[in-house]
């Protein structure tokens, strides 16, 4: 099964006033395919909303995922991308993709 890896990072911006918001406010979520291709991104007010907005807990962004992997896929959430070897490898692959 093809995997799509999801995570989010604090932007250090936003009001931080939304219930459950991360310190500093907003987060930006990313979805990377196994070859490093970025399939989606979304600005959300906190980590839980990012999980929804990136399609982990909803069908949001699934049209992007279906186009890239028409034979099926599964989503994998990475909590700490800064320290995750899989995410680091995906970023290396992403940087090697042609522009």
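Summary table below
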| quantity | calculated |
| --- | --- |
| Normalised contact order of the stretch 2-96, rounded percent, pairs of Cα under 8 Å and 6 or more residues apart | 30 |
| In degrees, nearest ten, helix 85-96 long axis to first principal axis of the chain (Cα) | 70 |
| Computed [θ] at 222 nm, deg cm²/dmol, the chain (DSSP H ≥ 4; -39,500 (n - 2.57); rounded to nearest 500) | -7500 deg cm²/dmol |
| Protection proxy ranking, peptides 37-48, 77-88, average beta carbon neighbours within 10 Å, highest first | 37-48, 77-88 |
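The numbers here are math on the coordinates, done by the rules we state, and not lab data. These numbers come from a predicted model, not from an experiment. When we count neighbours, we look across all protein chains shown, and the Cβ atoms used for this are built from the backbone with ideal geometry, even at glycine.
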